[in-house]
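One structure is given below, encoded as structure tokens.
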Amino acid sequence: MKTEGERVDATGRWRAGVVTVAELAAGTEGVLDRRGACGGQPVAGVTCDSRQVVAGSVFVAVRGFSTDGHLHIDEAIEAGAVSVVCEVLPVLCHPSVCYLLVNDARKALADLSRLFFGNASGALMIIGVTGTNGKTTTSRLVTSMLNAAGVPTGYIGTGLSLIGDRQITLERTTPEAPGLHDLFRQMVDAGCRAVVMEVSSHALMLARVHGLRFRAAVFTNLTPEHLDFHLTMESYAEAKRLLFERLDDDGFAVLNADDPHAVFMAKSLSMDRIYCCSVGENASLCEPHRRFVANITSMSAEGSMVELSFNERTMSMAVPLPGAYNVMNTLEALSVGIGLGLDPETALSALAGAEAVPGRMERLWSRDRSRCAFVDYAHTPDALRKALETLRAIRPADAKLMVVFGCGGNRDRQKRPEMGRIAAELADRVILTSDNPRDEDPETILDEIEAGMAGCAHLRIADRAAALRLAVAELGKGDLLLVAGKGHERYQESGGRRLFFSDRDELLVCFETSQPVTEAKE
């Protein structure tokens with residue numbers, strides 16, 4: 001094994017040649033057969049994408065949604081793969097290549113990735129956050145709290161990984177196993193002692209987190225999403241619950257007790273391993289000394305003040321984010337801190353100073369601060385409802401609440417009319433626009449949203465930039481605008497192309513300049 005200084009290159013990536021084909025073969029579970037040259041060849045990388053193979057790679061043939069990796073084995077070998085891991089051996093095997101026959105290629109991919117990157121995950125305290133909504137905010141709050149408390153902590157989540165001052169763009173909420181373990185290695189080498197990661201239902205079902213053990217697992221909530229993949233809410237819930245089966249022996253769960261699915265998430269856990277959070281009186285699922293109950297005493301666009309009760313104590317808690325659901329997110333983060341042994345005052349102080357997460361109820365003001373817009377990632381019915389209810393509760397009595405939103409293409413069509421119905425019910429002015437249409441016709445998506453808005457006057461402008469210009473032009477003094485759906489995203493995906501687009505940047509321009517009102521279809 002190489003020395004510490006030789007283990008990473010100038011970019012911080014784990015160097016090739018640290019492990020051999022034989023070492024990876026010996027450490028992979030579920031190997032049914034070995035063929036070929038499974039010896040001391042140095043390994044340069046592990047991948048399930050034949051296009052990423054370089055000389056010295058291990059290629060894992062995974063059955064995907066659009067293709068089957070077994071169809072690309074020859075391409076991988078031509079590109080320089082020294083080993084192929086597969087569930088079905090090819091008819092002809094190259095004698096210079098090591099073939100590993102496994103019963104589950106996805107699990108093998110995770111095992112190989114962990115070994116290739118030196119089992120970096122074993123050196124980190126891993127906190128996993130799952131649920132439909134609130135994962136990003138809760139995860140970022142926990143990350144901020146632990147760093148402020150002197151525990152160097154990395155973050156992996158929607159679109160982004162944070163390692164110290166470095167930001168790394170991600171394609172998935174939870175990366176595929178090679179990318180995930182690469183990040184773990186970079187975190188360990190940067191001095192991190194912990195990582196907070198959002199764990200998607202896809203990642204749990206597709207074994208991206210296979211082999212990981214979590215010190216803490218957080219459940220935020222469960223509402224309909226990804227049903228094009230899971231088909232039923234029961235299957236969706238089962239996928240989320242897999243996280244709680246991956247707890248360390250001394251690990252614990254933090255549950256949103258206000259969500260009816262909390263009992264299901266906890267069904268395999270003993271009561272002494274569960275903390276319950278409630279913005280109400282629904283924490284009876286847990287032992288009294290493990291209940292965190294919040295009573296909101298005031299709420300504004302700047303955040304909330306909360307009277308917090310836990311373990312026979314009452315304390316004040318400042319939540320620098322608007323909305324009752326952000327009180328819950330903060331409560332869950334606090335529970336993680338207490339469960340990890342932080343002093344309550346230290347944890348509360350760290351959370352009070354936490355910065356807003358970009359694209360999560362992110363406030364933007366006009367120059368004279370008379371008008372305010374919020375950019376939020378709300379792209380599910382539940383998230384849209386909570387965002388609108390929050391803004392209705394804090395808007396001035398004589399002001400109007402506007403919303404601009406759309407729905408993404410190629411997925412979850414059943415949510416479109418429901419989101420239209422919610423917007424019509426809670427907003428004073430609704431402008432429908434494009435989100436990420438992907439391969440669908442934007443106008444067809446708007447038609448399906450409109451199906452839930454019977455009798456509600458609204459506008460539809462497929463061009464998102466034009467919709468935002470019109471919305472800002474209509475804002476009066478004291479009015480609030482919610483721009484929902486894309487949040488932190490800095491692109492718009494349509495017709496196979498991904499073009500730069502930022503709700504935040506566009507709104508700031510709109511607040512600074514006067515744009516002509518665009519004609520729209522009423």
Practice task
Would you be able to say whether some residue in the range 323-343 is at pLDDT below 90, among the aliphatic types (A, V, I, L, M) and surrounded by 15 or more Cβ atoms within 10 Å (Cβ to Cβ)?
Solution key: yes
Completion exercise
Residue count, the range 62-93, condition assigned to a loop (DSSP other than H, G, I, E, B), under 21 Å from residue 180 (Cα atoms) and either in contact (Cβ under 8 Å) with a residue 60 or more places away in the chain or touching a helix residue (DSSP H, G or I) at 6+ places or on another chain (Cβ under 6 Å) (or both), comes to 1
Practice task
From (1) crowded, with 21+ Cβ neighbours inside 10 Å; (2) at pLDDT below 95; (3) hydrophobic (A, V, I, L, M, F, W, C), pick out the condition that doesn't hold for residue 264.
Solution key: (1)
Practice task
Test residue 59 against the criterion of being assigned to a loop (DSSP other than H, G, I, E, B) and out of contact with any Cys (no Cβ under 6 Å at 6 or more places or on another chain), and give yes or no.
Solution key: no
Handout entry: Filter pass, residue 349 being surrounded by fewer than 16 Cβ atoms within 10 Å (Cβ to Cβ) and closer than 30 Å to residue 489 by Cβ
Key = no
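The values are calculated or read from the model by the stated rules, or taken from the named source; none is laboratory data. Remember, predicted model here, so these are calculated numbers, not experimental data. Note: ideal-geometry Cβ built from the backbone for every residue, glycine included; neighbour counts use all protein chains shown.
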